Amino acid sequence: MTKPFPLLRRVLLMAVISATPGFAQAQDVQTQAMIAERVTQHNPTAEAYIKDRPILGWQLTSDQFDDIPIAIRENLGSVDATGYDQAYLAENTGSIIALQFRKDGPDFYIIGKGTFDEKYELVPLDDVAAKNTRLIERLDLAPEVKAMFEDQTPGMVGALKTTPVEMLRVSDLGYATDATLIIQAPWGEQTKPEGADAFLVWDEGENQYYMVNTDADGLPSSYVPAK
């Protein structure tokens, strides 16, 4: 029998790989409908987490991106590759941008206004300094934001999430931890890096899931298990 030419073998191999679930998970954006179907199929157990410390935020008093300090604006969605558009900013004027940090840099994102109004309360910046020392240490990763915090620039606020949050592990939905996962979210797309788990949270205001990536301890970033 004549063997297939090398090019044909490669074409056939790619066809087989592209048909496998793992390949689709790594490459395709998972829509809200796809996620909901997996939740129904796998019926995962929800885990309850709560914020363990107040966060630093920037108040959104305008629907114009240019009114957000550039040091904050240029880092929006930097961790999970979230892209915010003008409509989403307008919808959430009155909320805050959460100014969080990972070990390697800023993790800034907009908190949905409905979620902010229902589940957060503003606290003094002094509370952030006293109770979130890890955040204060990581402000060195964004010197301009650190200066705004130290100067207590108008617009800088502390915020605390006051209610437990139920989360679903993406690995419990059949998504591979060793593959990149991109999901459709209320504000665009979010990305889970390969080699890590992540969590999904149901946003009642948007009627959609959004994703929370994990920290070095495997917990949802900035959360601890609820007691």
Taking only Cα atoms, what is the 0 to 90° angle, nearest 10, from helix 32-42's long axis to the longest principal axis of the chain?
70 degrees
What's log10 of I(q)/I(0) for region 104-227 at q = 0.19, 0.20 Å⁻¹, Debye sum over Cα points only, no solvent?
-1.26, -1.34
Output the pairs from Lys119/Lys146; Lys192/Lys227; Lys51/Lys131; Lys51/Lys119; Lys51/Lys103; Lys119/Lys192 with a Cα-Cα distance over 22 Å in this structure; if there are none, say none.
Lys119/Lys146; Lys192/Lys227; Lys119/Lys192
Take each of the peptides 192-202, 130-140, 111-121, average the number of other beta-carbon atoms within 10 Å over its residues, and list them starting from the highest.
192-202, 111-121, 130-140
Taking the Cα centre of the chain as the origin, how large is its charge dipole in debye, to the nearest 20, when only Lys and Arg (+1) and Asp and Glu (-1) carry charge on their Cβ atoms?
960 debye
Point-charge dipole on Cβ atoms (K/R +1, D/E -1) for region 108-153, about Cα centre, debye to 20
200 debye
Kindly list the residues of region 24-63 that lie in the label zone of Lys113, defined by a backbone N under 18 Å from the point 7 Å along the Cα-to-C-beta vector.
58-63
CD proxy at 222 nm, helix term only [per DSSP H run n ≥ 4: -39500 (n - 2.57); per residue of the chain; nearest 500]:
-8000 deg cm²/dmol
Two-decimal Rg/Rh of region 109-152 from alpha-carbon positions, Kirkwood Rh?
1.03
Please report the orientation-averaged projected area of the chain, defined via the convex hull of its C-alpha atoms, in nm².
15.4 nm²
Determine the equivalent ellipsoid of region 77-153 by diagonalising the alpha-carbon gyration tensor, then write out the semi-axes as square roots of 5 times the eigenvalues, largest first, rounded to whole Å.
22, 17, 11
Measure of size requested: the Rg and Dmax of region 161-222, with Cα atoms as the atom set and Å as the unit; please supply both.
11.5, 33
Let's test the formula: R0 of 22 Å, r as the Cβ-Cβ distance of Glu194 and Glu74. What FRET efficiency results, to the nearest 0.05?
0.30
Inter-site label distance for Ala226 and Gln86 at 7 Å from Cα along Cβ, in nm
3.9 nm
Share of carbon and sulfur in the accessible heavy-atom surface of the chain [1.4 Å probe, %]:
53 percent
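The values are calculated or read from the model by the stated rules, or taken from the named source; none is laboratory data. Keep in mind it's a predicted model, so treat the numbers as computed, not measured. Reconstructed Cβ throughout: ideal geometry from the backbone, glycine too, with neighbour counts over all protein chains shown. With ligands, DNA and RNA removed, areas are computed over all heavy atoms of the protein, side chains included. Shrake-Rupley method; radii C 1.70, N 1.55, O 1.52, S 1.80 Å.
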